[in-house]
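Report on the structure given below.
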Amino acid sequence: MEGYFDYAATCPMDEDAIEAYVHATRHYFANTKSLHDSGTKAHALLDQCRNTIADLLGIEREGVYFTSGGTESNELALDALLKAGKGRHIITTEAEHSSVRNLIQRYEGEGYKVTRVQLNEAGIVHVEDVARAIQEDTVLMAIQHVNSDIGTVQPIRELSDLCRPHGILFHSDCVQSFGKMALEEVAPYVDSLSVSSHKLYGPKGVGAVYIRPSLSSHPKTPGGTHEGGVRAGTVNTPGIAGFTVAAEKMVKERSRIESKILQLKKTFLEAGEWRVVGDTAESSVPIIGLLLPEVEGQWAMLEGNRRDFHFSTGSACHTGSQGPPGTLLAMGCEAEEAKSFIRLSFSHEQTNEQVEKLALFLNELHKPTVAK
């Protein structure tokens, strides 16, 4: 789709992932918990996929559980960490994905204390601010790896170094980074992380959560037999197969993909004058947040749609809520200024010509109309 610039919301399925999905649907359709040969065959494929995802993330396979996507992964992770830890204080940011932000708001209503750390002008948390937020009963820190609105990367290892001495458990949403960035500086330093298939050209309705195996917690839904009891319900074997193939392909080709994304972003940014939100202009993360001069983001999105340019005004899971994305407010951006925000997200399959056309369109939006 030539004018599609909303890959952070979802991606089209990779052809190899489609092939793997169809193959598994035809040949591995049995329930993985069935004791007959067909079930054993499906279970073997599931184990193979689990091993592969664990290797790609650099984590123990025993801690990998397949889910329905990033939202469920976040919920299972936060629930497990709160049950495994001790304390009633949570540290997070307003910039988290809505699935994390809304859950923590619910926990707050249940009696947990919550400290929401601000972001600096670059869209990154100050480690010193996080250190000051730590309390005696801090049990959990939930800070994403890559922001879904503006693409900034948080200092996960440094944040982890703050957590470990205090016994604070650390969850990071890696939905926007898995397959697009190296996670060697993330996975070994967190107690849980979440990933999603459709953000890296796999099928929708599939994801995974990693929960450190040494943690002891009761499952959210008791009595489940699938996924080690962590998640109840029959697993989506074909979807998991497609997810695994898509993830393998993205990680294998990551160097080429990162170079292409950098090239596309450079081409785009050189073609216009906009205010980039956050420190992402020279990053290989395929997301750019912009504040358009004297143009409302919602209007720009609708006008773009009319011209066959498809982008967003923030995370798709935020769309429909009141006010600007929490990321901008966490950075101290005024609500009125934040109305001009749009999010662009790119694909390594795009061309320079396509991003130049988008830049030309956005340039035209704020040119004064000459009366005739």
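The values are calculated or read from the model by the stated rules, or taken from the named source; none is laboratory data. Source: prediction; values computed, not measured. Neighbour counts are summed over all protein chains in view; Cβ atoms, including those assigned to glycine, are modelled from backbone coordinates with ideal geometry. SASA here: full protein model, heavy atoms, side chains in, ligands and nucleic acids out. Shrake-Rupley method; radii C 1.70, N 1.55, O 1.52, S 1.80 Å.
Here are a few things to note about the model shown:
- Among the residues listed as A8, A24, A42, A17, the single one being part of a loop (DSSP other than H, G, I, E, B), out of contact with any Asp or Glu (no Cβ under 6 Å at 6 or more places or on another chain) and buried (at least 18 other Cβ atoms within 10 Å of the Cβ): A8
- Of all the numbered requirements in (1) open to solvent by less than 10 Å² (accessible area, probe 1.4 Å); (2) without any contact (Cβ under 8 Å) to a residue 40 or more places away in the chain, L162 misses one, and that requirement is (1).
- Only residues that are in a loop (DSSP other than H, G, I, E, B), at pLDDT below 95 and open to solvent by less than 40 Å² (accessible area, probe 1.4 Å) were counted in the range 181-198, giving 2.
- Test result for E227, open to solvent by 40 Å² or more (accessible area, probe 1.4 Å) and over 14 Å from the mean Cα position of the chain (by Cα): no
- Some residue of the range 241-251 being modelled with pLDDT under 95, of a type in the set (V, I, T) and surrounded by 23 or more Cβ atoms within 10 Å (Cβ to Cβ): no
- Checked against the criterion of being farther than 30 Å from E258 by Cα and crowded, with 19+ Cβ neighbours inside 10 Å, the candidates A95, A80, A131, A142 yield just one match: A80.
- Qualifying residue in the range 166-188 (condition: of a type in the set (S, T, Y) and in contact with a Cys (Cβ under 9 Å, 6 or more places away or on another chain)): no
- Identity of the residue in the range 253-298, polar (S, T, N, Q) and free of Cβ contacts under 8 Å to residues at least 60 places away in the same chain, that ends up farthest from G123 (Cα to Cα): S255
- Restricting T319, T351, T327 to those that are at pLDDT below 85 and β-branched (V, I, T) reduces the list to T319.
- Failed item, numbered, when Y65 is tested on (1) open to solvent by 20 Å² or more (accessible area, probe 1.4 Å); (2) at positive phi; (3) not acidic (D, E): (2)
- Exactly one residue out of T280, T267 is polar (S, T, N, Q), open to solvent by less than 40 Å² (accessible area, probe 1.4 Å) and under 18 Å from N363 (Cβ atoms): that is T267.
- Meets criteria (within 16 Å of the chain's Cα centre (by Cα), over 21 Å from D55 (Cβ atoms) and among the small types (G, A, S)) for S160: no
- Of all residues assigned to the range 109-120, none qualifies as being assigned to a loop (DSSP other than H, G, I, E, B), open to solvent by less than 20 Å² (accessible area, probe 1.4 Å) and either of a type outside the set (K, R) or on the phi > 0 side of the Ramachandran plot (or both).
- Residue in the range 227-235 that is part of a loop (DSSP other than H, G, I, E, B), hydroxyl-bearing (S, T, Y) and in contact (Cβ under 8 Å) with a residue 12 or more places away in the chain present: yes
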